[in-house]
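The structure under discussion appears below in the form of structure tokens.
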Amino acid sequence: MMRRRALLAGAAGLSSTALLAVGADAVLAAQAEATMVPGASPLGLADDLRNPPELRSTHGVLRTALDMRVSRVALPGGLAELRLFNGMLPGPTLRISAGDTLEVAFNNAMPRNPDTKPAVANIPDRFNTTNVHYHGFHVSPRGNSDNVYLQIEPGQRFNYVLQIPKDHPAGNYWYHPHRHGSVAAQVASGAAGMVVIRGALDDVPEIRQSIERILVLQAPVPGIDGLLKAEDPVWPLDAERNFLINGQFRPRIYLREGEVQHWRVLHAGDAQFLPLALDGLELHEVGRDGNPLPAARQVAQLDIAPGNRANVLVKALKPGVFRLRRPAFMQGKQPLPELHLADVVVLAAADPRIGKEIPFGREIPKGALPTNTILRPIADAEITGRRQFVLGASDVKGYFRDTEFTINGKPFDPGRDDVRARLGTAEEWTFVNKTPFPHPIHIHVNPFQVISSNGVPDPRRPWLDTCAVPAAGTMVMRTRFTDFAGRYVMHCHILPHEDTGMMINISIES
């Protein structure tokens, strides 16, 4: 029997009050305080991949406006109607520094929802109701900060104010919708944008001397007839997708022979994993999920799941044209084909079309990269508790595709606290995947340190906020509950799985 729950009932009262209190008029929109940087090729070449337009903080504040609206966009398959931030695919990049304040006047400019039936938790619905999540931010989950329990209805406005800690790790983050029931449809429509938090990593000499590229990878899904009105086109894992980079299909990306470029990569897709290979060039990863690595690490392939970000130094070895591709691979039991994502063109070092004022980085950092106080290793003695989370799926008649995803045998319930912990403690969590597919688990507010995967210790102990639990496998991580009390969520970042139940509530009490 269909189990009915009041969708996000626990937050409904808070949301209505907050929207009336601070969303009566978009005062921040009239007080925009940001440096506008147009989208452009970092090398100044007409047919080179353009970085998205940027909004940069000024005097410690980035004060700007975002909206979500229906926009008409040219995709490889023709014109499509998509739900986008500020009508852009992807949305504008936000560039701030640790210690800054981010103020966003958000306007839901979507049309009224056509849904008329009562909402049922874990069945996708209300695709024009939304909010904004600041993925990876170590900030408060309460009030008008990174509060994913808000439901901003069509025609409503809301002012977000996020205070970024002075010791926040420097790296790549992003913003996207996070209203349970409409997340997959809106992210699959293309509603996402990069956030760069500047800090010590940017001051590493070899990185500072290199030009920077933003690469936002998306596979927008239009509706069968107009705007996407159901998750059916999003659901099949093997659905044919046209992956775009910064809204472009198979763009050209230029480097010069011997050059090192800093690529900030964001996987803003909804379901398919994206292992990335670039034969003929060197890839050196220096950061993952906004968190600097201990040292530069050369990799043959960059493995990223939906929600992951990576800082990569790409070194061109010789002139030629090379393919940035996703090799064919198995996502659990589902085979996925090779994808040609971009043509990487390596020019002569002294190509006259590139101005002499353009930076020309040549080196990879050889020593330790900057450390961060938030990312101290979590020792055995610090652990105050251990928990296990079993990831599963159930056949439930009447649900979307008759499927309900679960954690510890239960689908998401907005009124239930699944984890209660004290501020200032640290715990070790073991994930056991009972399904034949990997699940990229994302936790809000506090990053986590990966200890092992499938029982094999990870000597790097990387700090992430999104990590795949292998199909029919295990993953062990540790996390600290620091700085911020409040309620937030943990979920699978294959977004159709989140919308259909694979999410829990975490309550941190001071």
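Pairs linking a residue in region 81-97 that is among the charged types (D, E, K, R) to a residue that is surrounded by fewer than 21 Cβ atoms within 10 Å (Cβ to Cβ), with Cβ atoms under 6 Å and 6 or more positions apart or on different chains, are E81/V70; E81/R72; E81/G226; E81/L227; R95/E54; R95/R56.
Determine whether region 496-508 contains at least one residue that is over 24 Å from A268 (Cα atoms), of a type in the set (D, E) and not assigned by TED's automatic domain parsing to the domain that holds P294. For region 496-508, residues over 24 Å from A268 (Cα atoms), of a type in the set (D, E) and not assigned by TED's automatic domain parsing to the domain that holds P294: absent. Is one or more of the residues making up region 383-390 modelled with pLDDT of 95 or more, touching a strand residue (DSSP E or B) at 6+ places or on another chain (Cβ under 8 Å), surrounded by 14 or more Cβ atoms within 10 Å (Cβ to Cβ) and not assigned by TED's automatic domain parsing to the domain that holds T482? Checked region 383-390: no residue is modelled with pLDDT of 95 or more, touching a strand residue (DSSP E or B) at 6+ places or on another chain (Cβ under 8 Å), surrounded by 14 or more Cβ atoms within 10 Å (Cβ to Cβ) and not assigned by TED's automatic domain parsing to the domain that holds T482. The number of residues in region 254-268 being of a type in the set (A, V, I, L, M) and either closer than 22 Å to W174 by Cα or free of Cβ contacts under 8 Å to residues at least 60 places away in the same chain (or both) comes to 3. Residues that are charged (D, E, K, R) and either in a strand (DSSP E or B) or in contact with a helix residue (DSSP H, G or I) (Cβ under 6 Å, 6 or more places away or on another chain) (or both) within region 312-332 comprise K315, R323, R325, R326, listed in sequence order.
Just one of R460, R420, R401, R416 is in a helix (DSSP H, G or I), among the charged types (D, E, K, R), in contact (Cβ under 8 Å) with a residue 60 or more places away in the chain and surrounded by fewer than 19 Cβ atoms within 10 Å (Cβ to Cβ); which is it? Step through it out loud before you land on a result.
Numbers: R460 fails: in a helix (DSSP H, G or I); R420 fails: in a helix (DSSP H, G or I); R416 fails: in a helix (DSSP H, G or I).
On inspection, the qualifying residue turns out to be R401.
Of the residues making up region 258-302, those that are in contact with a helix residue (DSSP H, G or I) (Cβ under 9 Å, 6 or more places away or on another chain) and assigned to a loop (DSSP other than H, G, I, E, B) are A268, G269, D270, A271.
Kindly evaluate R250 against the criterion of being among the basic types (K, R), closer than 21 Å to A316 by Cβ and part of a loop (DSSP other than H, G, I, E, B). Yes, satisfied. Of P251, P275, all but one fail to be touching a residue at least 12 places away in the same chain (Cβ under 8 Å), surrounded by 15 or more Cβ atoms within 10 Å (Cβ to Cβ) and under 27 Å from K356 (Cα atoms); the exception is P251. Against the criterion of being in contact (Cβ under 8 Å) with a residue 60 or more places away in the chain, surrounded by fewer than 20 Cβ atoms within 10 Å (Cβ to Cβ) and not hydrophobic (A, V, I, L, M, F, W, C), Q218 does not qualify. Please find, within region 74-88, the residue that is modelled with the highest pLDDT out of those that are more than 14 Å from P177 (Cα to Cα) and in a loop (DSSP other than H, G, I, E, B). Once the filter is applied, the top-ranked residue is G87.
Within region 9-27, is even one residue assigned to a loop (DSSP other than H, G, I, E, B), crowded, with 16+ Cβ neighbours inside 10 Å and modelled with pLDDT of 50 or more? So that I can check it myself, show each step before the final result.
So in region 9-27, the residues assigned to a loop (DSSP other than H, G, I, E, B) come out as 23-26.
Add one more test, that the residue is crowded, with 16+ Cβ neighbours inside 10 Å, and what stays is 23, 26.
If we keep only those that are modelled with pLDDT of 50 or more too, we end up with none.
No - not one qualifying residue is present in region 9-27.
Pairing each residue of region 104-115 that is in a strand (DSSP E or B) with any residue that is of a type in the set (V, I, T) and modelled with pLDDT of 95 or more, provided the two are 6+ apart or on different chains, yields C-beta distances under 6 Å for F106/V132; N108/T130; N108/I152. Take the conditions (1) at pLDDT below 95; (2) farther than 19 Å from C492 by Cβ; F400 misses just one of them, which is (2).
The values are calculated or read from the model by the stated rules, or taken from the named source; none is laboratory data. Just so it is clear, the structure is predicted and the values come from calculations on it, not from any experiment. Note that each Cβ is placed from the backbone with ideal geometry, even for glycine, and that neighbours are counted across all protein chains shown.
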